[in-house]
Amino acid sequence: MSANTWTIAAARDALRKGDISAVDLTMSCLTAIDAGDGLNAFVHKTPDIALDQARAADLRIKSGDAPAMCGIPLGIKDLFCTKGVPSQAASRILTGFKPEYESTVTSKLFDAGAVMLGKLNMDEFAMGSSNETSCYGNVINPWKVDGRDLTPGGSSGGSAAAVAGDLCLGATGTDTGGSIRQPAAFTGITGIKPTYGRVSRWGVVAFASSLDQAGPMTKSVRDAAIFLTAMSGHDPKDSTSADLAVPDFEAALSGDIRGKKIGIPKEYRMDGMPAEIETLWSDGIAMMRDAGAEIVDISLPHTKYALPAYYVIAPAEASSNLARYDGVRFGHRATLDAGDGITEMYEKTRAEGFGPEVQRRIMVGTYVLSAGFYDAYYNRARRVRALIKRDFDLAFADGIDAILTPATPSSAFGLGEMANADPVQMYLNDVFTVTVNLAGLPGISVPVGLDSKGLPLGLQLIGRPWEEGDLLNAAYVLERAAGFVAKPVKWW
Amino acid sequence: MSIDIATARKVAKLARISVPEADLPALASKLTGILGFMEQLNEVDVTGIEPMTSVTPMRLKRRADVVTDGNIQAQILKNAPDAREGFFAVPKVVE
């Protein structure tokens, strides 16, 4: 098998044994990327940086000083600022922007010897669930079962397609309402959103600061553990990053969950849920029970209010964060007419620079924060958020170790199929994932099976705060029991 | 809550996004739909519940109030759409 199809764990072991060089491993990915333009996943390729980093990694491996990620070729979501390399958050408003600094996450990965292959497509400012709001155009899901082009999910759609299509060994993603877990489920890969504060947000273009977390998207749970260990840790430059030691998450993968209590929340059994999702969930419950876990029915009574609360809080924070795009300090500035003043410059620049979904969310956020509505919408949503978090706190206080739910309400849908739908219809994609962001918890999506059309479906496990190790171990058990090995048939 | 065209125009102005007059009815209707979805929150009894301000109860770190960088004018101006003589340049603000 060509090296670009390997897992991070397999590549690490082969690099250390000298069975392959980081340069050869990187070359196999660069070849796959050039042959993979049909997916539209990589939007800024950085082969020169990749080969320089690979050569340095080879020297480091030879000298015996090689951390786990040393020489591993990765894709980086366009939301991460990378020094001297376009970092546009898939928005026209950041056209031409090349940061003069490096995000903490990419700094940590590069310090560990990882190789950057390029920047990955995404929904504009991470706002979307289908990767159709990008200024670079749609990403296409490597999975194809009929004539249609399917969405890879969003917002980390380029990351998901690149990993599922074997263009790289792993990719960074970010997750504000499900943007790692939903695309992971749609493409048959693994994606974890860590506890809020586990990974530094510094240098990651902000969408909704109290919800955003970065995490890895990988081909296996073990890879997620290795990758997350390298990304995590306290950062003085992010005041919300937690000053907690980072355990070796891979060491937590014992495969033993005997006696652990897995909660099954009844509120996640939605009206109109497809029978296939229902069956997948039941299968997952049986797998955890067979592995010796105790299955406990639980209630998270405020679940149905999570989406409306999210769609108040996230746009409110976005409207504030995106105020910085004004055409003055970086990115796009509209061409002005004679006599235009600074207000016209702001208004024209933002109208040209932001796509329709981003504009809509900025305006919703502006409205819910405006005088007279702040209490009715924003403060009420934050109160409901407190109740959603309390639901989880109570479940964990009752001894629940992890919660098992579906990851998405369906498998991947066709690109363009939601074009005429109400924006709220698209928001429903996040129904199972958004609670986790509101409560700040870690959540992971694991591929568990295929639907009748032959498309991947995932289950989500939700863990206790800061217990990503236990969560990954539960996911590892689920992964082994499910034995999901299907790969998309290459058409691109 | 229904958003009328005047409110849509006002929100666009507050957000500093130019929206052509012809697009305001469609915008008002989309905003009405989204805000209608949020109305569900009124069903929840939030009496005595404090708005959530932080995900994990933790005290923000303090740091010494000292200058930690500087002399990076060129870097700061590097991405500016219009920079002149060491400054960001914008259209005339004051007559």
Original post:
So which of B:Glu43, B:Glu21, B:Glu85, B:Glu50 is more than 7 Å from chain A (Cβ to nearest Cβ), within 26 Å of the chain's Cα centre (by Cα) and of a type outside the set (Ser, Thr, Tyr)?
Top reply: B:Glu21
**OP:** Test B:Ala80 against the criterion of being free of Cβ contacts under 8 Å to residues at least 12 places away in the same chain and in contact with a strand residue (DSSP E or B) (Cβ under 7 Å, 6 or more places away or on another chain), and give yes or no.
**Re:** yes
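Filter region B:47-95 down to the residues that are among the polar types (S, T, N, Q), on the phi < 0 side of the Ramachandran plot and assigned to a loop (DSSP other than H, G, I, E, B), then identify the one that is surrounded by the most Cβ atoms within 10 Å (Cβ to Cβ). Spell out how you get there, then give the answer.
Taking region B:47-95 and keeping what is among the polar types (S, T, N, Q), we get B:47, B:53-54, B:56, B:68, B:71, B:73, B:75, B:79.
Then drop every residue that is not on the phi < 0 side of the Ramachandran plot, which leaves B:47, B:53-54, B:56, B:68, B:73, B:75, B:79.
Now drop any that are not assigned to a loop (DSSP other than H, G, I, E, B), which leaves B:47, B:53-54, B:56, B:68, B:79.
Numbers: B:Thr47: 6, B:Thr53: 10, B:Ser54: 13, B:Thr56: 13, B:Thr68: 6, B:Asn79: 16.
The qualifying residue surrounded by the most Cβ atoms within 10 Å (Cβ to Cβ) is B:Asn79.
Output the number of residues of region A:398-427 satisfying the condition of being hydroxyl-bearing (Ser, Thr, Tyr) and either outside any loop (DSSP other than H, G, I, E, B) or within 13 Å of chain B (Cβ to nearest Cβ) (or both). Write out each step before concluding.
As a first pass, look at region A:398-427 and keep what is hydroxyl-bearing (Ser, Thr, Tyr): A:405, A:408, A:410-411, A:427.
Applying the additional criterion that residues be either outside any loop (DSSP other than H, G, I, E, B) or within 13 Å of chain B (Cβ to nearest Cβ) (or both) yields A:405, A:427.
The number of residues fulfilling the criteria is 2.
Please report, ordered by residue number, the helices (runs of 4 or more DSSP H) entirely within region A:333-397 with at least 1 residues that are touching a Gly at 6+ places or on another chain (Cβ under 9 Å) and farther than 16 Å from A:Tyr311 by Cβ. Break it down into steps so the answer makes sense when it comes.
Working: elements: A:342-353, A:356-369, A:380-397.
Because the criterion is at least 1 residues that are touching a Gly at 6+ places or on another chain (Cβ under 9 Å) and farther than 16 Å from A:Tyr311 by Cβ, the helices (runs of 4 or more DSSP H) in region A:333-397 that meet it are A:342-353, A:380-397.
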Original post:
Of all the residues that make up region A:163-187, how many are of a type outside the set (Ser, Thr, Tyr), buried (at least 24 other Cβ atoms within 10 Å of the Cβ), assigned to a loop (DSSP other than H, G, I, E, B) and out of contact with any strand residue (DSSP E or B) (no Cβ under 6 Å at 6 or more places or on another chain)?
Top reply: 4
**OP:** Hey, can you tell me all the residues within region A:215-257 that are on the phi > 0 side of the Ramachandran plot and within 20 Å of the chain's Cα centre (by Cα)?
**Re:** A:Gly233
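The rows are residues; the columns are (1) of a type in the set (Phe, Trp, Tyr); (2) under 30 Å from A:Leu79 (Cα atoms).
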position: A:Thr218; (1), (2): no, yes
position: A:Val221; (1), (2): no, yes
position: A:Ala230; (1), (2): no, yes
position: A:Glu267; (1), (2): no, no
position: A:Gly272; (1), (2): no, no
position: A:Trp281; (1), (2): yes, no
Original post:
Can A:Tyr346 be described as surrounded by 22 or more Cβ atoms within 10 Å (Cβ to Cβ) and without any contact (Cβ under 8 Å) to a residue 12 or more places away in the chain?
Top reply: no
Subject >> Residue list for region A:284-297, restricted to those being surrounded by fewer than 20 Cβ atoms within 10 Å (Cβ to Cβ) and either β-branched (Val, Ile, Thr) or touching a strand residue (DSSP E or B) at 6+ places or on another chain (Cβ under 7 Å) (or both) >> reply: A:Ile285, A:Arg289, A:Glu294, A:Ile295, A:Val296, A:Asp297
Original post:
Taking region A:147-157 as the search range and keeping residues that are over 19 Å from A:Lys119 (Cβ atoms) and in contact (Cβ under 8 Å) with a residue 24 or more places away in the chain, which one is farthest from the chain's Cα centre (by Cα)?
Top reply: A:Arg148
Original post:
Restricting the search to region A:299-335, which residues are more than 12 Å from chain B (Cβ to nearest Cβ), over 17 Å from A:Ser370 (Cβ atoms) and surrounded by 19 or more Cβ atoms within 10 Å (Cβ to Cβ)?
Top reply: A:Leu300
**OP:** Out of B:Gly36, B:Gly70, report the one residue that is more than 7 Å from every other protein chain (Cβ to nearest Cβ), at pLDDT below 95, out of contact with any strand residue (DSSP E or B) (no Cβ under 7 Å at 6 or more places or on another chain) and under 18 Å from A:Ile362 (Cα atoms).
**Re:** B:Gly36
Subject >> Filtered residues of region B:1-22 (kept if surrounded by 13 or more Cβ atoms within 10 Å (Cβ to Cβ) and assigned to a helix (DSSP H, G or I)) >> reply: B:Ile5, B:Thr7, B:Ala8, B:Arg9, B:Lys10, B:Val11, B:Ala12, B:Lys13, B:Leu14
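Could you tell me which residue of region A:344-394 is farthest from A:Val328 (Cα to Cα), considering only residues that are β-branched (Val, Ile, Thr) and facing another protein chain (nearest Cβ under 7 Å)?
Going residue by residue through region A:344-394, those that are β-branched (Val, Ile, Thr) are A:349, A:358, A:362, A:364, A:366, A:368, A:384, A:388.
Still in the list and also facing another protein chain (nearest Cβ under 7 Å): A:362, A:364, A:366, A:384.
Working: A:Ile362: 19, A:Val364: 24, A:Thr366: 21, A:Val384: 37 Å.
Once the filter is applied, the top-ranked residue is A:Val384.
Only one residue in A:Ala10, A:Ala41, A:Ala56, A:Ala66 is at pLDDT below 95 and either in contact with a Pro (Cβ under 9 Å, 6 or more places away or on another chain) or of a type in the set (A, V, I, L, M) (or both), so which one is that? First the steps, then the outcome.
Working: A:Ala10 fails: at pLDDT below 95; A:Ala41 fails: at pLDDT below 95; A:Ala56 fails: at pLDDT below 95.
It is A:Ala66.
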**OP:** Filter region A:188-225 for residues that are surrounded by fewer than 24 Cβ atoms within 10 Å (Cβ to Cβ) and in a helix (DSSP H, G or I) and give the result.
**Re:** A:Arg222
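Here are A:Leu94, A:Leu59, A:Leu74: which of them is surrounded by 18 or more Cβ atoms within 10 Å (Cβ to Cβ) and either closer than 20 Å to A:Ala112 by Cα or of a type in the set (Gly, Ala, Ser) (or both)? Working first, answer last.
Details: A:Leu94 fails: either closer than 20 Å to A:Ala112 by Cα or of a type in the set (Gly, Ala, Ser) (or both); A:Leu59 fails: surrounded by 18 or more Cβ atoms within 10 Å (Cβ to Cβ).
Criteria check complete, one pass: A:Leu74.
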Original post:
List, please: which pairs have Cβ atoms under 8 Å, are six or more places apart or on different chains, and start with a residue in region A:439-453 that is within 14 Å of another protein chain (Cβ to nearest Cβ) and within 30 Å of A:Arg383 (Cα to Cα) and end with one that is of a type in the set (Gly, Ala, Ser) and not in a strand (DSSP E or B)?
Top reply: A:Gly440/A:Gly197
**OP:** Scan A:Glu278, A:Glu267, A:Glu294 and give me the residue that is free of Cβ contacts under 8 Å to residues at least 12 places away in the same chain, in contact with a Lys or Arg (Cβ under 8 Å, 6 or more places away or on another chain) and more than 9 Å from every other protein chain (Cβ to nearest Cβ).
**Re:** A:Glu278
Original post:
Which one of these does B:Ser2 not meet: (1) touching a residue at least 12 places away in the same chain (Cβ under 8 Å); (2) more than 8 Å from chain A (Cβ to nearest Cβ); (3) under 30 Å from A:Met345 (Cβ atoms)?
Top reply: (3)
Subject >> Members of region A:232-246 that are under 19 Å from A:Gly440 (Cβ atoms) and surrounded by fewer than 24 Cβ atoms within 10 Å (Cβ to Cβ) >> reply: A:Gly233, A:His234, A:Asp235, A:Asp238, A:Ser239, A:Thr240, A:Ser241, A:Ala242, A:Asp243, A:Leu244, A:Ala245, A:Val246
Original post:
When you look at A:Ser134, is it in contact with a helix residue (DSSP H, G or I) (Cβ under 7 Å, 6 or more places away or on another chain), away from every other protein chain (no Cβ under 14 Å) and polar (S, T, N, Q), yes or no?
Top reply: yes
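The values are calculated or read from the model by the stated rules, or taken from the named source; none is laboratory data. Keep in mind the model is a prediction, meaning the values are calculated, not measured. Ideal geometry is used to build each Cβ from the backbone, glycine not excepted, and the neighbour counts take in all protein chains shown.
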